[in-house]
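Since the structure comes first, as structure tokens, the remarks are kept for the end.
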Amino acid sequence: MQIARVIGTVVATRKNDTLIGSKLLIVKPLNSNLQEDDAKDIVVAVDTVGAGKGELVLLVTGSAAGKVMADSNAPVNAAVIGIIDDIEISG
Amino acid sequence: MQIARVIGTVVATRKNDTLIGSKLLIVKPLNSNLQEDDAKDIVVAVDTVGAGKGELVLLVTGSAAGKVMADSNAPVNAAVIGIIDDIEISG
Amino acid sequence: MQIARVIGTVVATRKNDTLIGSKLLIVKPLNSNLQEDDAKDIVVAVDTVGAGKGELVLLVTGSAAGKVMADSNAPVNAAVIGIIDDIEISG
Amino acid sequence: MQIARVIGTVVATRKNDTLIGSKLLIVKPLNSNLQEDDAKDIVVAVDTVGAGKGELVLLVTGSAAGKVMADSNAPVNAAVIGIIDDIEISG
Amino acid sequence: MQIARVIGTVVATRKNDTLIGSKLLIVKPLNSNLQEDDAKDIVVAVDTVGAGKGELVLLVTGSAAGKVMADSNAPVNAAVIGIIDDIEISG
């Protein structure tokens with residue numbers, strides 16, 4: 001998983017039926033110094049925890065992300081699965 | 001998922017049988033400033049929403065993309081699953 | 001999927017049993033200008049369409065590629081699934 | 001898999017139910033000279049072996065990582081699956 | 001798949017039970033000129049073909065690699081699945 005910041009939302013009216021009702025967040029993974037970084041690609045992720053803009057979140061990517069969907073046929077490869085309260089780094 | 005722009009199409013007459021009838025789009029993911037960027041690789045993706053050239057779309061990659069295919073044996077790792085109407089970014 | 005050019009072959013006599021009889025091609029994905037590019041990694045992919053050296057092909061990577069194999073236990077993450085006849089890019 | 005060093009922990013109170021009780025480590029894959037490297041992204045991984053800060057560990061990423069979870073619905077794409085005792089490199 | 005060279009081994013006494021008995025190789029994928037390259041990350045891969053140090057091997061990564069394991073619950077995302085005898089590149 002990655003530590004990412006929520007920076008926006010995407011609206012898509014015409015889309016795969018399995019995505020209807022899902023909120024699509026734009027998130028940006030932080031770099032290894034826990035900073036935002038233009039070189040890091042943004043990701044569109046399904047919100048599963050009610051994350052708001054500016055919050056630090058736990059992002060899962062790849063086919064594992066699809067497990068958050070009620071419909072197992074949802075073609076989802078990114079999801080926000082937690083709101084980060086605390087990060088402790090040493091060394 | 002990623003935000004991408006449709007920039008072309010690919011025609012392959014000889015191909016895996018499960019792909020017959022699928023439209024193959026060439027899309028280009030946008031960079032973190034929502035710009036096109038030569039450094040970003042193009043992707044060939046199955047169209048599932050009738051996307052046209054120039055449109056901004058929602059792109060899913062990896063094995064999750066195969067879920068859009070009627071035939072679960074289709075070896076597909078990229079699909080266009082939505083047409084983007086609006087992007088809101090703050091911060 | 002990616003657009004790639006077939007540039008060679010690999011022979012491995014001692015290998016996973018599920019790969020016996022499969023032809024292993026070396027392919028090189030094209031960059032976003034549809035050029036070959038030393039910075040792009042080569043990929044060893046199972047041939048499923050009888051692709052020859054020099055041909056432009058459709059390459060699928062990741063676990064989706066394994067779906068082309070008759071034996072679902074084949075540990076394959078790259079396959080050539082089409083011969084490209086035509087590429088149309090605009091914009 | 002990758003060789004990584006444990007450098008911290010993440011706490012997320014609000015999260016996917018399947019993650020409750022899992023310890024989330026922040027790990028940093030080493031580069032090809034077995035050094036830490038700012039250019040390498042940090043990864044948040046589920047601990048399955050009781051790894052402590054500073055230890056060298058075996059990191060698995062991608063959907064394979066989810067196999068360590070008791071709940072197969074856990075959307076996990078990174079896990080620490082071993083403590084490394086010894087690395088032998090030649091050439 | 002990728003062409004890689006075996007450069008070492010990893011020993012992990014404390015590890016996921018499904019990995020007991022598996023030999024863990026350190027391999028380094030070659031670059032597009034078939035050279036070793038410090039910029040390429042090393043990979044820890046399960047050996048399935050008795051590969052020795054210095055040998056050129058066929059490396060599979062991602063969840064497909066787990067198919068080589070007798071225990072389908074093994075969280076493995078990299079495996080050596082062949083010893084390369086010959087590489088033929090033209091163009």
Considering segment B:20-40, residues that are in contact (Cβ under 8 Å) with a residue 12 or more places away in the chain and facing chain C (nearest Cβ under 7 Å), and then whichever is surrounded by the most Cβ atoms within 10 Å (Cβ to Cβ), we arrive at B:ILE26
Considering only residues that are of a type outside the set (A, V, I, L, M) and under 10 Å from the mean Cα position of the chain (by Cα), which ones fall in segment D:68-87? D:ASN77, D:GLY82
Selection from segment A:3-18 of residues that are of a type outside the set (Val, Ile, Thr) and within 7 Å of another protein chain (Cβ to nearest Cβ): A:GLY8, A:ALA12, A:ARG14, A:LYS15, A:ASN16
For segment C:72-91, give me each residue that is out of contact with any helix residue (DSSP H, G or I) (no Cβ under 9 Å at 6 or more places or on another chain), at pLDDT 95 or above and not aliphatic (A, V, I, L, M). C:ASP85, C:ASP86, C:GLU88
Looking only at residues that are in contact (Cβ under 8 Å) with a residue 40 or more places away in the chain and closer than 24 Å to B:ALA70 by Cα in segment A:5-19, which one is surrounded by the most Cβ atoms within 10 Å (Cβ to Cβ)? A:ASN16
Name the single residue, out of those in segment E:9-53 being in a loop (DSSP other than H, G, I, E, B) and basic (Lys, Arg), that is farthest from D:MET1 (Cα to Cα). E:LYS53
Could you please find all residues in segment E:8-19 being within 17 Å of the chain's Cα centre (by Cα) and not polar (S, T, N, Q)? E:GLY8, E:VAL10, E:VAL11, E:ALA12, E:LEU19
Please specify each residue of segment A:41-76 satisfying the condition of being within 9 Å of chain B (Cβ to nearest Cβ) and under 12 Å from A:LEU19 (Cα atoms). A:ALA45, A:VAL46, A:GLY66, A:SER72, A:ASN73, A:ALA74, A:PRO75, A:VAL76
Out of curiosity, is E:GLU55 surrounded by fewer than 21 Cβ atoms within 10 Å (Cβ to Cβ), among the acidic types (Asp, Glu) and modelled with pLDDT of 95 or more? yes
Quick test of your reading of the structure: E:ALA79 fulfils all but one of (1) crowded, with 23+ Cβ neighbours inside 10 Å; (2) part of a strand (DSSP E or B); (3) more than 8 Å from chain C (Cβ to nearest Cβ); (4) touching a Ser or Thr at 6+ places or on another chain (Cβ under 8 Å). Name the failing condition by number. (3)
Among the residues of segment D:60-74, are any part of a loop (DSSP other than H, G, I, E, B), in contact with a strand residue (DSSP E or B) (Cβ under 7 Å, 6 or more places away or on another chain) and within 14 Å of E:LYS15 (Cβ to Cβ)? no
Tally up the residues in segment E:51-71 that are in contact with a helix residue (DSSP H, G or I) (Cβ under 6 Å, 6 or more places away or on another chain) and either hydrophobic (A, V, I, L, M, F, W, C) or touching a residue at least 60 places away in the same chain (Cβ under 8 Å) (or both), please. 1
Checked C:ASP85, C:ASP47 against criteria (in contact with a Leu (Cβ under 6 Å, 6 or more places away or on another chain), of a type in the set (D, E, K, R), surrounded by fewer than 23 Cβ atoms within 10 Å (Cβ to Cβ) and farther than 24 Å from E:GLY50 by Cβ); the one match is C:ASP47
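The values are calculated or read from the model by the stated rules, or taken from the named source; none is laboratory data. Every value quoted in this text rests on a predicted model; they were computed, and no experiment measured them. Cβ coordinates were reconstructed from backbone atoms using ideal geometry, including for glycine residues, and neighbour counts include every protein chain displayed.
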